[in-house]
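Okay, structure first, notes after.
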Amino acid sequence: MNPLYSYTYSLPYIVLILVLIGFSYFEKRVENKNVIWWSIGSILVLFFGFRGFVQTDWYLYYWLYERVTPLLDGFYTEKQIEPGFLFITQIFRTLNIDYTFWIFINSLIDVVAFTIIFRRYSTSVAWSWVFFICFSGLVIEINLMRNVKAIIIFLLSLPYVQRREFWKFLIVWIVAITIHASSFLYLPAYFVLTKNWGKVWPLVLFVLVNMIFFFKIYPTTFILNNFLGVNSEFIEKALNYVNTSKHEVGISFGYIERLIMFVLVYTLYNRLISRRSENIIFCNAFYIYYTLWYLFSDVPVFVERMPILFAFSYWIICPNMMMMCKGLVKRIVNIFVVCFVVMKVITITDHVLYDYDNLLTGIRSKESRMKDYRRYEASEKK
């Protein structure tokens, strides 16, 4: 029986991180960066596209894919699954593609799309992938198949946000909504992402959300508790998460990490924007991420779905901040970041749900994975 917790589960992810960091060294020094980007993309497609039944949501998507009918049988609908995602899935089913190849194609699309996005906004594609894995990207890519597509669609629409082409953005936003409903948050974000937030508003938000967090005056819990009399499966499920979750309490590693990031973004805000005007979008996106994290930190299912929509701010801002360092400071920062990202990956992946395997070398059965999931879930409820 596999242990529930072991640092050996983290080894494949640490190796991946170190390989990407190695590519970041060559990325800065070669003229033809396409070779580096193609190499990175190929490795990531092999890693994500050929993965076994890692994490938990594979169970949802495996059986969903088995149930979905080909388009020739008419449009397939299912409660709680967005129609756009179902329609795309039906296309694969119509082509008689099996589940493993469906996962591979999805991963290929994601890697290509994110590479395009990173090339467009980041000073280092390799480092963007490193921070992608460290900050929510790993769980997004492995577990949240609908969320990741919605995030990609939004990020590809950013030129419309920059040029203030609202109607074009609105069309793309509607598409994202049909993939995952949480994308509704991107509509209000359109109106604030390109605005200079100055020095006052970020501080007001910082004080407000920290008061909410430390004094435990969560609006989520208040709102849900006042809906107790409503017959809603969603509300009952959310309340169950509130009552049983082991959410973050007090000053933790995660709290300090987000605090440092907030201070860095706040301090370097104007310098980042002066270097690349589009950085204002990602700085503001981080402020939104930070705010949502503490507004919803009492309900893990909300933290997994709401703030994560703006986790892309890390993937762009962190490499762009690193490239601002020079000389000795740069070397010190690089050493610190390498140590940090390795430690971060370990804290994320040191349990049995992240036990990685690959189709090329053989994978564990669904039944074995489900046993591990039930054991892990039972241990978390104790």
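The values are calculated or read from the model by the stated rules, or taken from the named source; none is laboratory data. Predicted, not measured: the structure shown is a model, and the values here were computed from it. When we count neighbours, we look across all protein chains shown, and the Cβ atoms used for this are built from the backbone with ideal geometry, even at glycine. Note: areas computed on protein heavy atoms with side chains; ligands, DNA, RNA excluded. Shrake-Rupley method; radii C 1.70, N 1.55, O 1.52, S 1.80 Å.
For residue 34 and residue 79, the FRET efficiency from 1/(1 + (r/R0)^6), where r spans their Cβ atoms and R0 equals 35 Å, is about 0.20. For the range 1-92, trypsin sites (Lys or Arg not before Pro) are listed when DSSP marks them as loop and at most 11 other Cβ atoms sit within 10 Å of their Cβ; the list is 29, 79.
For the chain, modelled as a Gaussian network with Cα springs under 10 Å, which listed residue fluctuates most, 41, 84, 327? Largest GNM mean-square fluctuation: 327. Projected label points at residue 276 and residue 94, each 7 Å from Cα along the beta carbon direction, are separated by 3.8 nanometres. Among the protein heavy atoms of the range 1-72, carbon and sulfur supply 68% of the accessible surface, probe 1.4 Å, non-protein parts ignored. Of the trypsin sites (Lys or Arg not before Pro) in the range 152-208, the ones in a loop by DSSP (not H, G, I, E or B) with at most 13 other beta carbons within 10 Å are 163, 164, 195, 199. Any idea what the relative contact order of the chain is, in percent, if you count C-alpha pairs under 8 Å spaced at least 6 apart? RCO, the chain: 29 percent. 3J(HN,Hα) along the range 187-195, derived from phi through the Karplus expression 6.51 cos²θ - 1.76 cosθ + 1.60 where θ = phi - 60°, amounts to 5, x, 4, 3, 7, 10, 5, 9, 8 Hz, with x in place of Gly and Pro.
Heavy atoms of the protein chains alone define the surface here; on that basis the chain has 48 Å² accessible area per residue at 1.4 Å probe size.
Each of residue 336 and residue 361 was given a label point 7 Å from its Cα along the Cα-to-Cβ line. The distance between the two points is 3.5 nm. Remark: relative contact order (the range 275-382) = 18 percent; criterion is Cα-Cα distance under 8 angstrom and separation of 6 or more residues. Determine the share of the range 250-382's accessible area contributed by carbon and sulfur atoms, expressed in whole percent, with a 1.4 angstrom probe. Answer for the range 250-382 is 67 percent, counting heavy atoms of protein chains only.
Under 5 Å from the amide H of residue 351 lie the amide H atoms of 6, each residue being 5 or more positions distant or on a separate chain, with H modelled from the backbone and absent for Pro and chain starts.
Charged neighbours of residue 368, selected by a Cβ distance under 12 Å, balance to +2 (K, R count +1; D, E count -1).
Screening the chain for whole DSSP H helices of 27 Å or more along their axis (Cα) with average Kyte-Doolittle hydropathy at least 1.6 returns 327-349.
If R0 is taken as 45 Å, the Cβ-Cβ distance between residue 266 and residue 69 corresponds to a FRET efficiency of 0.30. Please compare each pair in 28/195; 199/326; 28/326; 28/330; 195/326; 28/168 to a cut-off of 24 Å on the Cα-Cα distance and tell me which ones are over it. Among 28/195; 199/326; 28/326; 28/330; 195/326; 28/168, the Cα-Cα distance tops 24 Å for 28/195; 199/326; 195/326; 28/168.
Where in the range 133-160 does the label zone of residue 376 land, with the point 7 angstrom along Cα→C-beta and an amide N cut-off under 15 Å? Inside the label zone: 138-144.
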